Amino acid sequence: MEENQPAGSLSWRLSSHPITLLFFLGFRISSLLVYLFGMLFIKNFVLIFIITILLLAADFYYLKNIAGRRLVGLRWWNEVDPQTGDSHWVFESSDPSTKVINATDSRFFWIALYSQPLLWIGLAIVAIFSLEFIWLTLVVIALSLTVTNTLAFSRCDKFGHASNLAGSALDTGGIARNVAGGMIGRFFSR
């Protein structure tokens, strides 16, 4: 079955780092599912808040320190100058001549990276319209963590590959692909 799928297909079997990819996707999905099912079925805010925050923290750490480096060769961190106290962000991308990025890993990475903040925004809208404002605090925390990673990794990529891969994520072609690619390209253009 693997021979029939072109490079860059959304099949974890084509990944160069399948364990890293599965943990990455697992952390990304689990925080959303715990929040969603907790809000709908459990209704215990404190329990769901703690579990979701722990999953979001694990996702943030794993994405920033492990998945980003292994799947797409990108890293970022914040350094503080001890003498002045000024902080500055450091962005790093691997040398293309030494590290070959798997197209499947890259597509999974960028699609998951850009889709999660959109899903949290959708959940924020649901919390507002259902008048569950207490759940909105958790969504704001989730958005701050996911948007930070999204912006930092987009900056690491120098806005080049992220725009192209996110635009080609809608591989069906046609007008939807052109509209999405144009919107994402304009959003990340300098």
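The values are calculated or read from the model by the stated rules, or taken from the named source; none is laboratory data. Because the structure is a prediction, the values reported are computed rather than measured. We place every Cβ from the backbone using ideal geometry, glycine too, and count neighbours over all the protein chains shown. Note: areas computed on protein heavy atoms with side chains; ligands, DNA, RNA excluded. Shrake-Rupley method; radii C 1.70, N 1.55, O 1.52, S 1.80 Å.
Annotations for the structure displayed:
- Residue check, Phe109 of a type outside the set (A, V, I, L, M), in contact (Cβ under 8 Å) with a residue 24 or more places away in the chain and either in a helix (DSSP H, G or I) or farther than 23 Å from Gly26 by Cβ (or both): yes
- Residues that are open to solvent by less than 60 Å² (accessible area, probe 1.4 Å) and in contact with a Gly (Cβ under 8 Å, 6 or more places away or on another chain) within segment 62-98 comprise Leu74, Trp76, Ser94, listed in sequence order.
- In segment 100-119, the residues that are open to solvent by 30 Å² or more (accessible area, probe 1.4 Å) and of a type in the set (A, V, I, L, M): Val100, Ile101, Ala103, Ile111, Leu118, Leu119
- Of the criteria (1) under 25 Å from Arg107 (Cα atoms); (2) at pLDDT 75 or above, which one Asn44 fails: (1)
- Identity of the residue in segment 11-63, outside any helix (DSSP H, G or I) and touching a residue at least 40 places away in the same chain (Cβ under 8 Å), that ends up nearest to Ile121 (Cα to Cα): Ser11
- When each of Ser189, Ser130, Ser144 is tested for being at pLDDT 90 or above and open to solvent by 40 Å² or more (accessible area, probe 1.4 Å), the lone residue that passes is Ser144.
- Scan of segment 63-88 for residues that are touching a strand residue (DSSP E or B) at 6+ places or on another chain (Cβ under 8 Å) and over 25 Å from Phe108 (Cβ atoms), ordered by number: Asn78, Glu79, Val80, Asp81, Asp86, Ser87, His88
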